[in-house]
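In what follows, a single structure is set out as C-alpha coordinates and then discussed.
The values are calculated or read from the model by the stated rules, or taken from the named source; none is laboratory data. No experiment lies behind these values; they were computed from the predicted model shown. Because the Cβ atoms are built from the backbone with ideal geometry, glycine has one as well, and the counts that use them run over all protein chains shown. Accessible surface is based on the protein model in full, side chains and every heavy atom, while ligands, DNA and RNA are left aside. Shrake-Rupley method; radii C 1.70, N 1.55, O 1.52, S 1.80 Å.
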Amino acid sequence: MRPLRRAGVAGLTASLFLLVAACGNDGSSSSSSSSAGGKSLTWWVMKGTNPDASAFYAAAEKEFKAQTGATLKVQEVQWADAHDKLVRAFASGDGPDVSEIGTTWTPEFAAAGGLDDLTSEISSSGMGKDLIPALKDSATYDGKQYGVGWYAGVRAIVYRKDVFQQLGLKVPTNWAELEQTVKTLKAKKPGMMAMPIAGESAYGSAPFVWGAGGDFATQANGKWTGSLDSAQAREGLSFYTSLALKDGSSSVGASTWKETDLLDSFAKGKAAMVIQGNWTPKTAIAQNPSLKNEIGAFPIPGKDGGVAPAFLGGSNLAVLKTSKNPDLAFRFIKMMTTGDLSKKWADEAGYFPSTTTALQSYADSSDPLVAPFAQAMLKGGKNVPSASGWGSVEGDQTITQMLQSILTGTSVDKATTTASNAITKTLQEN
(Lines give C-alpha, C1' and ligand atoms only; values in the text may rest on other atoms or scores of the structure.)
Protein backbone atom coordinates (compact mmCIF):
# COMPACT_ATOMS: atom_id res chain seq x y z
CA MET A 1 0.00 0.00 0.00
CA ARG A 2 1.19 3.49 -0.71
CA PRO A 3 0.18 6.75 0.97
CA LEU A 4 -1.63 9.48 -0.86
CA ARG A 5 0.55 11.87 -2.81
CA ARG A 6 0.15 14.96 -4.85
CA ALA A 7 0.87 15.66 -8.52
CA GLY A 8 1.81 13.17 -11.16
CA VAL A 9 4.62 13.07 -13.66
CA ALA A 10 2.60 14.48 -16.54
CA GLY A 11 4.90 17.45 -16.94
CA LEU A 12 7.90 15.15 -17.18
CA THR A 13 6.44 12.58 -19.55
CA ALA A 14 7.94 13.86 -22.79
CA SER A 15 11.41 14.37 -21.35
CA LEU A 16 11.33 10.98 -19.65
CA PHE A 17 10.57 9.24 -22.91
CA LEU A 18 13.65 10.89 -24.46
CA LEU A 19 15.89 10.15 -21.48
CA VAL A 20 14.74 6.56 -21.20
CA ALA A 21 15.33 6.00 -24.89
CA ALA A 22 18.83 7.39 -24.53
CA CYS A 23 19.93 5.37 -21.51
CA GLY A 24 17.52 2.43 -21.52
CA ASN A 25 17.93 -1.11 -22.75
CA ASP A 26 16.78 -2.67 -25.99
CA GLY A 27 15.17 -5.63 -24.29
CA SER A 28 18.04 -8.03 -24.96
CA SER A 29 20.02 -9.63 -22.16
CA SER A 30 22.38 -12.52 -21.63
CA SER A 31 20.80 -13.17 -18.22
CA SER A 32 18.14 -15.50 -19.60
CA SER A 33 20.41 -18.52 -19.07
CA SER A 34 19.83 -20.81 -16.09
CA SER A 35 22.61 -19.11 -14.18
CA ALA A 36 23.50 -15.43 -13.94
CA GLY A 37 26.62 -15.81 -11.81
CA GLY A 38 28.51 -12.57 -11.37
CA LYS A 39 25.48 -10.41 -12.06
CA SER A 40 23.61 -8.38 -9.47
CA LEU A 41 20.10 -7.01 -9.26
CA THR A 42 18.96 -4.00 -7.24
CA TRP A 43 15.47 -4.00 -5.72
CA TRP A 44 13.77 -1.04 -4.11
CA VAL A 45 11.21 -1.99 -1.48
CA MET A 46 9.11 0.53 0.37
CA LYS A 47 9.34 1.25 4.07
CA GLY A 48 6.74 3.00 6.17
CA THR A 49 3.82 0.61 6.25
CA ASN A 50 5.66 -2.70 6.02
CA PRO A 51 7.12 -4.60 8.99
CA ASP A 52 10.77 -5.01 9.94
CA ALA A 53 11.67 -7.39 7.15
CA SER A 54 15.40 -7.98 7.48
CA ALA A 55 14.90 -11.73 7.90
CA PHE A 56 12.64 -11.83 4.85
CA TYR A 57 15.15 -9.92 2.75
CA ALA A 58 17.87 -12.35 3.77
CA ALA A 59 15.67 -15.26 2.70
CA ALA A 60 14.95 -13.56 -0.64
CA GLU A 61 18.65 -12.91 -1.25
CA LYS A 62 19.47 -16.54 -0.49
CA GLU A 63 16.69 -17.89 -2.72
CA PHE A 64 17.59 -15.57 -5.59
CA LYS A 65 21.22 -16.66 -5.39
CA ALA A 66 20.18 -20.31 -5.39
CA GLN A 67 17.88 -19.90 -8.38
CA THR A 68 20.01 -17.62 -10.56
CA GLY A 69 23.55 -17.44 -9.21
CA ALA A 70 23.17 -13.67 -9.10
CA THR A 71 23.32 -11.31 -6.13
CA LEU A 72 20.25 -9.44 -4.92
CA LYS A 73 20.78 -5.98 -3.44
CA VAL A 74 17.83 -4.81 -1.35
CA GLN A 75 17.36 -1.09 -0.71
CA GLU A 76 14.54 0.28 1.43
CA VAL A 77 12.91 3.56 0.38
CA GLN A 78 10.45 5.54 2.49
CA TRP A 79 6.97 5.65 0.95
CA ALA A 80 6.92 9.41 1.46
CA ASP A 81 10.00 9.80 -0.76
CA ALA A 82 9.34 6.98 -3.20
CA HIS A 83 7.38 8.76 -5.91
CA ASP A 84 9.90 11.52 -6.51
CA LYS A 85 12.87 9.14 -6.17
CA LEU A 86 11.39 6.90 -8.86
CA VAL A 87 10.77 9.86 -11.17
CA ARG A 88 14.40 10.88 -10.79
CA ALA A 89 15.52 7.29 -11.34
CA PHE A 90 13.58 7.10 -14.62
CA ALA A 91 15.43 10.13 -15.89
CA SER A 92 18.92 9.41 -14.57
CA GLY A 93 19.16 5.69 -15.11
CA ASP A 94 20.68 5.34 -11.62
CA GLY A 95 17.68 3.62 -10.09
CA PRO A 96 16.98 -0.03 -9.32
CA ASP A 97 16.28 -2.88 -11.70
CA VAL A 98 13.03 -3.74 -9.92
CA SER A 99 10.90 -1.59 -7.66
CA GLU A 100 7.83 -2.00 -5.51
CA ILE A 101 5.25 0.43 -6.88
CA GLY A 102 1.83 1.25 -5.44
CA THR A 103 -1.00 -0.07 -7.57
CA THR A 104 -2.41 3.38 -8.32
CA TRP A 105 1.02 4.66 -9.38
CA THR A 106 1.68 1.99 -12.01
CA PRO A 107 -0.38 3.47 -14.90
CA GLU A 108 1.16 6.88 -14.24
CA PHE A 109 4.72 5.58 -14.44
CA ALA A 110 3.91 3.39 -17.44
CA ALA A 111 2.51 6.40 -19.29
CA ALA A 112 5.69 8.32 -18.48
CA GLY A 113 7.80 5.63 -20.13
CA GLY A 114 9.59 4.60 -16.96
CA LEU A 115 8.59 0.92 -16.85
CA ASP A 116 9.24 -2.13 -19.02
CA ASP A 117 6.30 -3.67 -20.84
CA LEU A 118 6.06 -7.16 -19.33
CA THR A 119 3.07 -8.37 -21.33
CA SER A 120 4.88 -11.02 -23.37
CA GLU A 121 6.94 -12.29 -20.42
CA ILE A 122 3.84 -12.66 -18.25
CA SER A 123 2.00 -14.43 -21.04
CA SER A 124 4.78 -16.86 -21.93
CA SER A 125 5.43 -17.68 -18.26
CA GLY A 126 1.80 -18.66 -17.71
CA MET A 127 1.55 -16.31 -14.73
CA GLY A 128 -1.24 -14.25 -16.27
CA LYS A 129 -3.77 -17.05 -15.91
CA ASP A 130 -3.53 -17.02 -12.11
CA LEU A 131 -3.25 -13.31 -11.35
CA ILE A 132 -6.15 -11.75 -9.48
CA PRO A 133 -8.00 -9.72 -12.16
CA ALA A 134 -8.12 -6.45 -10.22
CA LEU A 135 -4.39 -6.55 -9.54
CA LYS A 136 -3.72 -7.34 -13.18
CA ASP A 137 -5.86 -4.33 -14.10
CA SER A 138 -3.88 -2.12 -11.72
CA ALA A 139 -0.67 -2.91 -13.62
CA THR A 140 -2.22 -2.49 -17.06
CA TYR A 141 -2.02 0.69 -19.09
CA ASP A 142 -3.16 1.13 -22.69
CA GLY A 143 -3.68 -2.61 -23.00
CA LYS A 144 -0.19 -3.59 -21.84
CA GLN A 145 0.95 -4.92 -18.48
CA TYR A 146 3.78 -3.11 -16.72
CA GLY A 147 3.97 -4.92 -13.40
CA VAL A 148 2.92 -7.96 -11.41
CA GLY A 149 0.95 -7.80 -8.18
CA TRP A 150 3.11 -8.58 -5.14
CA TYR A 151 0.62 -8.23 -2.29
CA ALA A 152 -2.74 -6.59 -1.73
CA GLY A 153 -5.44 -5.84 0.78
CA VAL A 154 -9.14 -5.18 0.74
CA ARG A 155 -11.73 -3.61 3.03
CA ALA A 156 -14.65 -5.31 4.74
CA ILE A 157 -16.78 -4.64 7.80
CA VAL A 158 -15.27 -5.55 11.15
CA TYR A 159 -17.90 -5.98 13.85
CA ARG A 160 -18.52 -6.89 17.47
CA LYS A 161 -19.71 -10.48 17.47
CA ASP A 162 -20.63 -10.29 21.15
CA VAL A 163 -22.89 -7.28 20.58
CA PHE A 164 -24.59 -8.92 17.60
CA GLN A 165 -25.17 -12.07 19.65
CA GLN A 166 -26.55 -10.09 22.58
CA LEU A 167 -29.07 -8.34 20.32
CA GLY A 168 -29.88 -11.39 18.20
CA LEU A 169 -28.50 -9.73 15.05
CA LYS A 170 -27.37 -11.61 11.98
CA VAL A 171 -24.69 -10.48 9.55
CA PRO A 172 -26.45 -8.32 6.93
CA THR A 173 -26.50 -9.72 3.40
CA ASN A 174 -27.73 -6.67 1.44
CA TRP A 175 -28.03 -2.91 1.84
CA ALA A 176 -31.52 -2.99 3.30
CA GLU A 177 -30.37 -5.38 6.01
CA LEU A 178 -27.27 -3.28 6.66
CA GLU A 179 -29.42 -0.21 7.19
CA GLN A 180 -31.77 -2.12 9.49
CA THR A 181 -28.80 -3.41 11.49
CA VAL A 182 -27.63 0.18 11.92
CA LYS A 183 -31.09 1.24 13.12
CA THR A 184 -31.27 -1.62 15.63
CA LEU A 185 -27.82 -0.86 17.00
CA LYS A 186 -28.67 2.83 17.25
CA ALA A 187 -31.82 2.06 19.23
CA LYS A 188 -30.52 -0.70 21.49
CA LYS A 189 -26.90 0.35 21.94
CA PRO A 190 -27.08 4.15 22.20
CA GLY A 191 -23.68 4.29 23.88
CA MET A 192 -21.97 2.94 20.75
CA MET A 193 -21.86 4.30 17.24
CA ALA A 194 -23.48 1.73 15.00
CA MET A 195 -21.11 2.32 12.07
CA PRO A 196 -19.16 5.59 11.93
CA ILE A 197 -18.61 6.98 8.42
CA ALA A 198 -15.14 8.51 8.07
CA GLY A 199 -14.93 11.55 5.82
CA GLU A 200 -11.29 10.90 4.99
CA SER A 201 -11.77 7.26 4.01
CA ALA A 202 -11.98 7.68 0.23
CA TYR A 203 -12.25 4.01 -0.58
CA GLY A 204 -14.70 3.22 2.18
CA SER A 205 -17.27 4.68 -0.21
CA ALA A 206 -16.12 2.63 -3.22
CA PRO A 207 -18.24 -0.50 -2.52
CA PHE A 208 -21.34 1.68 -2.55
CA VAL A 209 -20.43 3.65 -5.66
CA TRP A 210 -19.56 0.47 -7.54
CA GLY A 211 -22.29 -1.55 -5.85
CA ALA A 212 -24.96 0.74 -7.29
CA GLY A 213 -23.43 0.44 -10.76
CA GLY A 214 -21.49 3.71 -10.71
CA ASP A 215 -17.80 4.53 -11.03
CA PHE A 216 -15.32 7.27 -10.21
CA ALA A 217 -14.41 7.92 -13.85
CA THR A 218 -15.07 6.41 -17.26
CA GLN A 219 -13.13 6.40 -20.50
CA ALA A 220 -14.49 7.08 -23.98
CA ASN A 221 -12.59 7.88 -27.18
CA GLY A 222 -9.34 7.93 -25.27
CA LYS A 223 -10.49 10.53 -22.73
CA TRP A 224 -11.28 10.04 -19.06
CA THR A 225 -14.27 11.81 -17.53
CA GLY A 226 -15.34 11.96 -13.89
CA SER A 227 -18.57 10.04 -13.36
CA LEU A 228 -19.46 10.46 -9.71
CA ASP A 229 -22.36 12.64 -10.89
CA SER A 230 -24.06 9.67 -12.57
CA ALA A 231 -27.40 8.51 -11.19
CA GLN A 232 -25.86 5.21 -10.10
CA ALA A 233 -22.90 6.74 -8.27
CA ARG A 234 -25.19 9.23 -6.56
CA GLU A 235 -27.47 6.41 -5.45
CA GLY A 236 -24.57 4.56 -3.84
CA LEU A 237 -23.16 7.64 -2.17
CA SER A 238 -26.59 8.68 -0.93
CA PHE A 239 -27.08 5.31 0.72
CA TYR A 240 -23.60 5.30 2.25
CA THR A 241 -23.72 8.82 3.68
CA SER A 242 -27.37 8.47 4.75
CA LEU A 243 -26.31 5.77 7.18
CA ALA A 244 -24.77 8.67 9.10
CA LEU A 245 -27.03 11.56 8.15
CA LYS A 246 -30.42 9.85 8.25
CA ASP A 247 -29.95 6.73 10.34
CA GLY A 248 -27.57 8.17 12.92
CA SER A 249 -24.88 5.51 12.53
CA SER A 250 -22.05 7.97 13.09
CA SER A 251 -21.09 11.23 14.76
CA VAL A 252 -20.52 14.74 13.42
CA GLY A 253 -16.85 14.48 14.32
CA ALA A 254 -16.38 11.42 12.13
CA SER A 255 -16.75 13.62 9.05
CA THR A 256 -13.03 14.45 9.43
CA TRP A 257 -11.87 11.01 10.56
CA LYS A 258 -9.28 8.88 8.82
CA GLU A 259 -9.45 5.08 8.81
CA THR A 260 -7.06 5.04 11.75
CA ASP A 261 -9.65 7.02 13.72
CA LEU A 262 -12.27 4.41 12.86
CA LEU A 263 -9.98 1.68 14.15
CA ASP A 264 -9.24 3.60 17.33
CA SER A 265 -12.95 4.10 17.95
CA PHE A 266 -13.61 0.39 17.45
CA ALA A 267 -10.72 -0.69 19.67
CA LYS A 268 -12.02 1.55 22.46
CA GLY A 269 -15.47 -0.03 22.29
CA LYS A 270 -17.13 3.07 20.88
CA ALA A 271 -18.29 1.52 17.58
CA ALA A 272 -20.08 -1.72 16.77
CA MET A 273 -19.08 -1.87 13.09
CA VAL A 274 -16.32 -0.20 11.07
CA ILE A 275 -15.07 -0.49 7.51
CA GLN A 276 -11.45 -1.60 7.77
CA GLY A 277 -8.71 -3.29 5.80
CA ASN A 278 -7.67 -6.88 6.41
CA TRP A 279 -4.37 -5.67 7.88
CA THR A 280 -6.02 -3.92 10.86
CA PRO A 281 -7.98 -6.35 13.13
CA LYS A 282 -4.81 -7.59 14.82
CA THR A 283 -4.00 -3.99 15.66
CA ALA A 284 -7.40 -3.53 17.31
CA ILE A 285 -6.82 -6.62 19.44
CA ALA A 286 -3.34 -5.44 20.35
CA GLN A 287 -4.81 -2.13 21.50
CA ASN A 288 -7.60 -3.84 23.42
CA PRO A 289 -6.86 -7.51 24.24
CA SER A 290 -10.38 -7.96 25.65
CA LEU A 291 -11.64 -7.92 22.06
CA LYS A 292 -9.95 -11.22 21.27
CA ASN A 293 -12.62 -13.73 20.25
CA GLU A 294 -15.24 -10.97 20.37
CA ILE A 295 -14.81 -9.54 16.88
CA GLY A 296 -15.38 -10.84 13.37
CA ALA A 297 -15.64 -9.56 9.84
CA PHE A 298 -17.89 -9.88 6.81
CA PRO A 299 -17.62 -8.65 3.22
CA ILE A 300 -19.50 -5.44 2.51
CA PRO A 301 -22.77 -6.74 1.11
CA GLY A 302 -23.99 -5.98 -2.37
CA LYS A 303 -27.05 -3.83 -2.90
CA ASP A 304 -29.33 -6.82 -3.46
CA GLY A 305 -27.09 -9.51 -2.02
CA GLY A 306 -23.75 -11.10 -2.67
CA VAL A 307 -20.48 -9.22 -2.20
CA ALA A 308 -20.06 -5.57 -3.12
CA PRO A 309 -17.01 -4.63 -5.20
CA ALA A 310 -14.26 -3.34 -2.92
CA PHE A 311 -11.07 -1.49 -3.72
CA LEU A 312 -8.15 -3.86 -3.94
CA GLY A 313 -5.03 -1.89 -3.18
CA GLY A 314 -1.46 -2.90 -2.65
CA SER A 315 1.82 -3.02 -4.51
CA ASN A 316 3.09 -4.25 -7.85
CA LEU A 317 6.63 -5.21 -8.73
CA ALA A 318 7.86 -3.58 -11.92
CA VAL A 319 11.03 -3.54 -14.00
CA LEU A 320 12.44 -0.10 -14.68
CA LYS A 321 13.08 0.70 -18.32
CA THR A 322 16.66 1.58 -17.43
CA SER A 323 17.48 -1.88 -16.03
CA LYS A 324 20.50 -3.47 -17.69
CA ASN A 325 19.24 -6.94 -16.75
CA PRO A 326 15.52 -7.00 -17.62
CA ASP A 327 15.29 -10.78 -18.09
CA LEU A 328 16.93 -11.41 -14.71
CA ALA A 329 14.63 -8.78 -13.21
CA PHE A 330 11.57 -10.60 -14.46
CA ARG A 331 12.87 -13.89 -13.05
CA PHE A 332 13.09 -12.16 -9.68
CA ILE A 333 9.53 -10.86 -9.98
CA LYS A 334 8.27 -14.34 -10.81
CA MET A 335 10.11 -15.77 -7.80
CA MET A 336 8.62 -13.14 -5.49
CA THR A 337 5.03 -13.42 -6.69
CA THR A 338 4.46 -17.12 -7.31
CA GLY A 339 6.54 -19.06 -4.79
CA ASP A 340 6.82 -19.60 -1.06
CA LEU A 341 8.26 -16.12 -0.61
CA SER A 342 4.97 -14.63 -1.79
CA LYS A 343 3.02 -16.30 1.00
CA LYS A 344 5.74 -15.60 3.56
CA TRP A 345 5.65 -11.90 2.77
CA ALA A 346 1.85 -11.74 2.78
CA ASP A 347 1.77 -13.37 6.21
CA GLU A 348 4.44 -11.06 7.62
CA ALA A 349 2.93 -7.88 6.18
CA GLY A 350 -0.67 -8.76 7.03
CA TYR A 351 -1.82 -8.60 3.42
CA PHE A 352 -2.73 -11.22 0.83
CA PRO A 353 -0.75 -12.75 -2.05
CA SER A 354 -1.55 -11.73 -5.61
CA THR A 355 -2.56 -15.02 -7.23
CA THR A 356 -5.96 -16.66 -7.15
CA THR A 357 -4.44 -20.01 -6.19
CA ALA A 358 -2.55 -18.61 -3.22
CA LEU A 359 -5.48 -16.47 -2.09
CA GLN A 360 -7.88 -19.42 -2.04
CA SER A 361 -6.19 -20.93 1.00
CA TYR A 362 -6.90 -17.71 2.91
CA ALA A 363 -10.52 -17.71 1.74
CA ASP A 364 -10.85 -21.27 3.08
CA SER A 365 -9.29 -20.33 6.43
CA SER A 366 -11.17 -20.98 9.66
CA ASP A 367 -9.92 -17.66 11.02
CA PRO A 368 -12.93 -15.27 11.24
CA LEU A 369 -10.62 -12.31 10.74
CA VAL A 370 -9.00 -13.72 7.59
CA ALA A 371 -11.50 -15.65 5.49
CA PRO A 372 -14.11 -12.87 5.05
CA PHE A 373 -11.51 -10.46 3.70
CA ALA A 374 -10.05 -13.04 1.34
CA GLN A 375 -13.53 -13.90 0.10
CA ALA A 376 -14.22 -10.20 -0.49
CA MET A 377 -11.00 -9.98 -2.48
CA LEU A 378 -11.76 -13.06 -4.56
CA LYS A 379 -15.39 -12.22 -5.26
CA GLY A 380 -15.40 -8.44 -5.29
CA GLY A 381 -11.86 -7.08 -5.66
CA LYS A 382 -11.88 -4.10 -8.01
CA ASN A 383 -9.38 -1.48 -9.11
CA VAL A 384 -9.71 2.28 -9.49
CA PRO A 385 -9.68 3.71 -13.03
CA SER A 386 -6.37 2.85 -14.74
CA ALA A 387 -5.83 6.45 -15.80
CA SER A 388 -2.32 7.86 -15.73
CA GLY A 389 -3.52 10.82 -13.65
CA TRP A 390 -5.38 8.89 -10.97
CA GLY A 391 -2.55 9.37 -8.49
CA SER A 392 -3.09 13.11 -8.85
CA VAL A 393 -6.81 12.68 -8.09
CA GLU A 394 -5.77 10.93 -4.89
CA GLY A 395 -3.18 13.57 -4.11
CA ASP A 396 -5.76 16.32 -4.56
CA GLN A 397 -8.03 14.47 -2.09
CA THR A 398 -10.95 15.01 -4.42
CA ILE A 399 -12.97 12.09 -3.12
CA THR A 400 -12.45 12.80 0.57
CA GLN A 401 -13.35 16.46 0.05
CA MET A 402 -16.57 15.31 -1.59
CA LEU A 403 -17.39 12.94 1.26
CA GLN A 404 -16.65 15.55 3.90
CA SER A 405 -18.84 18.10 2.18
CA ILE A 406 -21.76 15.65 1.99
CA LEU A 407 -21.35 14.64 5.63
CA THR A 408 -21.39 18.29 6.69
CA GLY A 409 -24.52 19.30 4.79
CA THR A 410 -23.78 19.72 1.07
CA SER A 411 -26.25 17.91 -1.15
CA VAL A 412 -25.08 14.74 -2.88
CA ASP A 413 -25.90 16.25 -6.28
CA LYS A 414 -23.83 19.38 -5.70
CA ALA A 415 -20.89 17.56 -4.11
CA THR A 416 -20.69 14.92 -6.82
CA THR A 417 -20.91 17.52 -9.58
CA THR A 418 -17.97 19.39 -8.06
CA ALA A 419 -15.97 16.18 -7.62
CA SER A 420 -16.69 14.88 -11.11
CA ASN A 421 -15.65 18.16 -12.70
CA ALA A 422 -12.42 18.13 -10.69
CA ILE A 423 -11.68 14.52 -11.67
CA THR A 424 -12.29 15.28 -15.34
CA LYS A 425 -9.97 18.28 -15.22
CA THR A 426 -7.21 16.35 -13.45
CA LEU A 427 -7.37 13.26 -15.65
CA GLN A 428 -7.45 15.23 -18.88
CA GLU A 429 -4.49 17.37 -17.82
CA ASN A 430 -2.31 14.40 -16.82
TODO: Would you mind stating whether Gly128 is farther than 27 Å from Glu259 by Cα, within 20 Å of the chain's Cα centre (by Cα) and either not in a helix (DSSP H, G or I) or not hydrophobic (A, V, I, L, M, F, W, C) (or both)?
DONE: yes
Open item on the list: Looking at the structure I just gave you, is Glu394 modelled with pLDDT under 95, open to solvent by 30 Å² or more (accessible area, probe 1.4 Å) and closer than 30 Å to Ala112 by Cβ?
Closed with: no
Open item on the list: Tell me yes or no: at least one residue of the stretch 69-84 is of a type in the set (S, T, N, Q), modelled with pLDDT of 90 or more and over 30 Å from Ile399 (Cβ atoms).
Closed with: yes
Open item on the list: Against the conditions (1) within 18 Å of Lys382 (Cβ to Cβ); (2) assigned to a loop (DSSP other than H, G, I, E, B), where does Lys170 fall short? Just the number, please.
Closed with: (1)
TODO: Return yes when Phe373 is assigned to a helix (DSSP H, G or I), open to solvent by 10 Å² or more (accessible area, probe 1.4 Å), aromatic (Phe, Trp, Tyr) and modelled with pLDDT of 95 or more and no when it is not.
DONE: no
Open item on the list: I'm trying to understand the selection: among the residues of the stretch 95-126, which are open to solvent by 10 Å² or more (accessible area, probe 1.4 Å), in contact (Cβ under 8 Å) with a residue 60 or more places away in the chain and among the acidic types (Asp, Glu)?
Closed with: Asp97, Asp116, Glu121
Open item on the list: Please go through (1) part of a strand (DSSP E or B); (2) open to solvent by 10 Å² or more (accessible area, probe 1.4 Å); (3) not acidic (Asp, Glu) for Val319 and return the number of the only condition it doesn't satisfy.
Closed with: (2)
TODO: Determine whether Ser365 is open to solvent by 10 Å² or more (accessible area, probe 1.4 Å), within 21 Å of Gly213 (Cα to Cα), not in a helix (DSSP H, G or I) and not β-branched (Val, Ile, Thr).
DONE: no
Task: Unmet criterion (only one of (1) touching an Asp or Glu at 6+ places or on another chain (Cβ under 9 Å); (2) surrounded by fewer than 21 Cβ atoms within 10 Å (Cβ to Cβ)) for Asp304 - done: (1)
Open item on the list: Which pairs turn up if I take residues in the stretch 402-416 that are part of a helix (DSSP H, G or I) and charged (D, E, K, R) and look for partners that are at pLDDT 95 or above and open to solvent by 30 Å² or more (accessible area, probe 1.4 Å) with beta carbon separation below 7 Å, at least 6 apart in sequence or on another chain?
Closed with: Asp413/Arg234
